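Engineer: First the structure, which I've put down as structure tokens, then a few questions once you've had a look.
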Amino acid sequence: MFFDMELGLGAYMEARVEGEKARAERMAAAVSEFDQMARESVQAVSNAIDHLNEKAASLQANSQESASISTQVSGYAETTAHNVQASAAATEELISSIHDIGGQATHSADIARKARQDAERTNKSVQGLADAAHKIGSIIEIINDIAGQTNLLALNATIEAARAGEAGKGFAVVASEVKNLASQTARATEEISAQISTVQEATDRSATDIMEISKVIAGLAEIAESIADAVGKQGEATQDISHHMQSAAVSTSEVAQNIAKVLERAHEGGKSSTEMVSATREARHQTQAMQDRIGEFLAHFNAA
């Protein structure tokens, strides 16, 4: 009976040992599986953190580069805006100068037109003087003819008085006086004719010169009108340029403001990326600490 109890107790103990062994094996398998899973999970998290750290570092570098470029572009934009504003101001001054020149050109054109009109009137006056001189010359010719005929009549009267003898002496004296007056008239008309010829030549030359001057003045008037027209068109073109320059100045100023905002965002992005790098490093540190603790736990469990 005791033998049977001993056999039963031995079988029970053996069965219990086998059960404990199987339980231990299952636990060891579970721990091993947990260890593998924990290692894989920690490694995956570590890899993800490393990848995130690389991206954060790249983002930080890009943010710094963007901030540097934005700073340079902001400087260029400010310089460009200043230059455009200066150009716009210079264009306004140019417009003012062009308006002044245009006014002067218009005034010159008016003066040239008036000078041409005055020259034309003077030319007409000189032509009238030349015509009058020619008419006077014709009258002098008539007077010369009359003086010649008077001289001829006086000569005939002298001849007739000589034939009349004593009776014709008084008539001869009168005929002699008439002849002298006719001779003086002839000489005077010759002198007048010479002076009239001189006047005619002078008036002809003056008329020719005035015609040439009138042509020159007409050419100057056309040039002045062309200049005034060109200056007017240039003024309109410059006005358009000024309008575009002012628009460009406004646009460039807006670009500079937008670039300043981009620069501010770049600095904020750089700050955020720096914080991200710090966070990933801390996560990496915490992951490593967790991995160490899991290792310590498993080592302690296996030792137990």
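The values are calculated or read from the model by the stated rules, or taken from the named source; none is laboratory data. It should be emphasised that the depicted structure is a prediction, and the values quoted were computed from it without experimental measurement. Here the Cβ is made from the backbone with ideal geometry for all residues, glycine too, and neighbour counts use every protein chain on show.
Engineer: Sort through Ile192, Ile196, Ile210 and tell me the only one that's over 60 Å from the mean Cα position of the chain (by Cα), farther than 17 Å from Gly148 by Cβ and surrounded by 14 or more Cβ atoms within 10 Å (Cβ to Cβ).
Structural biologist: Values: Ile192 fails: farther than 17 Å from Gly148 by Cβ; Ile210 fails: over 60 Å from the mean Cα position of the chain (by Cα).
Within the list Ile192, Ile196, Ile210, the selection yields Ile196.
Engineer: Oh, and also: What are the pairs, 6+ residues apart or on separate chains, where a residue within segment 117-137 that is at pLDDT below 75 has its Cβ under 8 Å from a residue that is charged (D, E, K, R)?
Structural biologist: Ala130/Asp204
Engineer: While we're here: How about segment 140-162: which of its residues are surrounded by fewer than 14 Cβ atoms within 10 Å (Cβ to Cβ) and not small (Gly, Ala, Ser)?
Structural biologist: Glu141, Ile142, Asp145, Gln149, Leu152, Asn156, Ile159, Glu160
Engineer: Name, by its number, the condition in (1) surrounded by 13 or more Cβ atoms within 10 Å (Cβ to Cβ); (2) farther than 30 Å from Glu212 by Cα; (3) modelled with pLDDT under 70 that does not hold for His82.
Structural biologist: Against the list (1) surrounded by 13 or more Cβ atoms within 10 Å (Cβ to Cβ); (2) farther than 30 Å from Glu212 by Cα; (3) modelled with pLDDT under 70, His82 comes up short only on (3).
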